[in-house]
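Peer 1: This structure is in structure tokens; I'll ask about it shortly.
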Amino acid sequence: MTATHLTATAKPVLRSDYQRSVAEYWNNERDPVNLRLGDVDGLYHHHYGLGDYDPSVLDAPADIREQAIIAEMHRLETAQADVLLDHLGDVGPQDRLLDAGCGRGGSSIMANLRFGCEVDGVSISEEQVAFANERARERGVADKVRYHFRNMLDTGFESGSRKAIWNNESTMYVNLHELFAEHARQLEIGGRYVTITGCYNDVTGGRSKAVSQIDQHYTCNIHPRSEYFKAMQANNLVPIAVVDLTPATIPYWELRARSSVATGVEEPFLTAYREGSFHYLLIAADRI
């Protein structure tokens, strides 16, 4: 693998004022809710958790209570990544995967550990890419796991080169039709696409106040649930599994709200989930 594979494509990576603002946000982000959790075992995620938490962490002695809560939150976010990887299908060491909107790269490393395959991650945050590549080097997997400063709407990777592609909470930053067209181009026929995402509930009639607060917090643009299926249908992606993860993610948010790394967005998430205006979905689709 030559050095050119680790650089941006010839075209500008950041192609709009909005993309530049998103990149700036993530380049400057040093949120303890991401960094302190990753410090537990060196897997740095930028997503939320799944499953019930162990309530005993809240009753731990004062000197270790916060450490116990952080470790439990990290266990839940790693469990979320495992659920996504469970849906990637039959992946082997000979395959190549793409982590679109890879953040600090934890899920890519987990995919390599599970499947033994090559994984490329892309992000429009140069800071995240540099951080993730350093973690891959530390783990001795830099020959198989590589992160690139590229735009997931136009990665420059070869057509039909990917056995599977995923977005883990990154679709809300892009146009879904453009994204799924690029994913369909890169996937081999029969390849698998998986996303875990928050989407607003069309049935309730548009973005609720709580969903708008989430958008504002993360500089994102949450899509309606129906838009995912419209964009998939238009781009030769056929859903084979749709899982409502909303009930399974609420405990994570309840625990996070009681932690020292709470950011203030916990209440909008909990409100939106509980009132039904916001759903946390996993969608797996095959490329036809």
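Peer 1: State all residues of segment 254-265 that are surrounded by fewer than 19 Cβ atoms within 10 Å (Cβ to Cβ), of a type outside the set (Gly, Ala, Ser) and not in a loop (DSSP other than H, G, I, E, B); if no residue qualifies, say none.
Peer 2: Once the filter is applied, which keeps residues that are surrounded by fewer than 19 Cβ atoms within 10 Å (Cβ to Cβ), of a type outside the set (Gly, Ala, Ser) and not in a loop (DSSP other than H, G, I, E, B), segment 254-265 yields only Glu254.
Conditions tested, residue by residue: (1) basic (Lys, Arg); (2) open to solvent by less than 60 Å² (accessible area, probe 1.4 Å); (3) out of contact with any Cys (no Cβ under 6 Å at 6 or more places or on another chain); (4) at pLDDT 95 or above.
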position: Ile189; (1), (2), (3), (4): no, no, yes, yes
position: Ile196; (1), (2), (3), (4): no, yes, yes, yes
position: Gly206; (1), (2), (3), (4): no, yes, yes, no
position: Asp215; (1), (2), (3), (4): no, yes, yes, yes
position: Ile222; (1), (2), (3), (4): no, yes, yes, yes
position: Ala234; (1), (2), (3), (4): no, no, yes, yes
position: Val238; (1), (2), (3), (4): no, no, yes, yes
position: Val242; (1), (2), (3), (4): no, no, yes, yes
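Peer 1: Then there is this: Does Arg15 count as in contact with a helix residue (DSSP H, G or I) (Cβ under 7 Å, 6 or more places away or on another chain) and surrounded by fewer than 20 Cβ atoms within 10 Å (Cβ to Cβ)?
Peer 2: No.
Peer 1: A follow-up question, please. Without any contact (Cβ under 8 Å) to a residue 12 or more places away in the chain and of a type outside the set (Val, Ile, Thr): does that describe Pro247?
Peer 2: Answer is yes for this residue.
Peer 1: Can you work out which of the residues in segment 115-145 that are within 22 Å of Ala164 (Cα to Cα) and open to solvent by 60 Å² or more (accessible area, probe 1.4 Å) is farthest from the chain's Cα centre (by Cα)?
Peer 2: Asp143
Peer 1: List, please: which pairs have Cβ atoms under 8 Å, are six or more places apart or on different chains, and start with a residue in segment 22-34 that is within 15 Å of Gly105 (Cβ to Cβ) and end with one that is at pLDDT below 95 and open to solvent by 20 Å² or more (accessible area, probe 1.4 Å)?
Peer 2: Listed by first residue and then by second, the contacts come to Asn34/His46.
The values are calculated or read from the model by the stated rules, or taken from the named source; none is laboratory data. These figures come from a predicted structure and were not determined experimentally. Here the Cβ is made from the backbone with ideal geometry for all residues, glycine too, and neighbour counts use every protein chain on show. Accessible surface is based on the protein model in full, side chains and every heavy atom, while ligands, DNA and RNA are left aside. Shrake-Rupley method; radii C 1.70, N 1.55, O 1.52, S 1.80 Å.
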